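What follows is a set of notes on a single structure, which appears directly below.
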Amino acid sequence: MFSPDDILFEDNHLLIVNKHCGDLVQPDPSGASALEDQIKAYIKARDAKPGEVFLGVVHRIDRPVSGAVLFAKTSKALVRLNEMIRQGSIRKVYWALTENRPAEESGELRHYILRDGRTNRSKAFDAPRPEAKEARLKYRMAGAGTHYTLVEVELLTGRHHQIRAQLSKIGCPIRGDLKYGARRSLPGGGISLHSRSVAFEHPVRREPVEVTAPVPAGDKLWACFENVQPCAC
């Protein structure tokens, strides 16, 4: 559930929050409470707004994923941010804890993603396929323990379950991600994929904005990697 402590950045046009694993960004057919509605209710009460609160979702992250999510508080900001997303001018960096190490310490992955709506799963292929969409990301190995590796990912495209599918394709499933080949689940159903930072030019002020989201609290493995402390992780 959303808490005011989750706000990482806010001004008249933008709001960036640190989403918890398990939270929905937008309402879906399950009927579960979504972050979008929770934030609207919070702003309405905090600012004593008499009418509806405008809040536009600029980008979404999967329900089991944590980290920075960007919202627009004005229609002007939403239109401009949507165009920036289309142009690829919003830099999105993720952290993933993987069960195996990539063969190369850094590089760029290019696959073709085909989504299966029936299973809500995406598959990555090396060569083009009918209806498959090109998926590209850059990665680097940012830390390594005995059992898990910290992989930093910069998204270059935004496809369904892209990071999860592409890392699984190269033999590096994300911790807790049973859907994409992990050995075991995590308590609460989350996975160790975290939207670590977003960076872009403010859509109205034209000033640089860069926000970093702390890793999930209470997870000793995440804390180990974030603090760069020696451990048998």
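The values are calculated or read from the model by the stated rules, or taken from the named source; none is laboratory data. Just so we're clear, the structure is a prediction, and the values are computed from it rather than from any experiment. No Cβ is skipped: glycine too gets one built from the backbone with ideal geometry, and neighbour counts run over all protein chains shown.
A few remarks follow.
- Taking each residue of the range 2-16 that is free of Cβ contacts under 8 Å to residues at least 40 places away in the same chain and surrounded by 14 or more Cβ atoms within 10 Å (Cβ to Cβ) and looking for partners that are of a type in the set (D, E, K, R) and in a loop (DSSP other than H, G, I, E, B) with beta-carbon atoms closer than 6 Å, six or more apart or interchain, yields nothing.
- The set of residues from the range 54-110 being among the basic types (Lys, Arg) and crowded, with 23+ Cβ neighbours inside 10 Å comprises just one member, Lys92.
- Answer residue from the range 111-123, given it is part of a strand (DSSP E or B) and either modelled with pLDDT under 95 or of a type outside the set (Gly, Ala, Ser) (or both) and is surrounded by the fewest Cβ atoms within 10 Å (Cβ to Cβ) among those: Asp116
- Counting the residues of the range 101-115 that are under 16 Å from Leu150 (Cα atoms) and free of Cβ contacts under 8 Å to residues at least 24 places away in the same chain gives 1.
- The requirement of being over 28 Å from Met84 (Cβ atoms) and either buried (at least 19 other Cβ atoms within 10 Å of the Cβ) or without any contact (Cβ under 8 Å) to a residue 12 or more places away in the chain (or both) is fulfilled somewhere in the range 208-217, by at least one residue.
- Residues that are of a type in the set (Lys, Arg) and crowded, with 19+ Cβ neighbours inside 10 Å, drawn from the range 17-48: Lys19
- Within the range 165-172, one or more residues are surrounded by 15 or more Cβ atoms within 10 Å (Cβ to Cβ) and small (Gly, Ala, Ser).
- Filtered by the rule that a residue be β-branched (Val, Ile, Thr) and either in a helix (DSSP H, G or I) or in contact with a His (Cβ under 6 Å, 6 or more places away or on another chain) (or both), the range 1-48 gives Ile39, Ile43.
- Restricted to the range 145-163, and to residues there that are under 15 Å from Thr98 (Cβ atoms) and hydroxyl-bearing (Ser, Thr, Tyr), the residue that is farthest from the chain's Cα centre (by Cα) is Thr146.
- The range 49-78 - residue that is free of Cβ contacts under 8 Å to residues at least 40 places away in the same chain and in a helix (DSSP H, G or I) and, of those, farthest from Met141 (Cα to Cα): Ser75
- When Lys40, Lys92, Lys49, Lys73 are checked against the criterion of being of a type in the set (D, E, K, R) and modelled with pLDDT under 95, a single residue qualifies: Lys49.
- Residue check for Arg159: within 22 Å of Glu36 (Cα to Cα) and in a loop (DSSP other than H, G, I, E, B): yes
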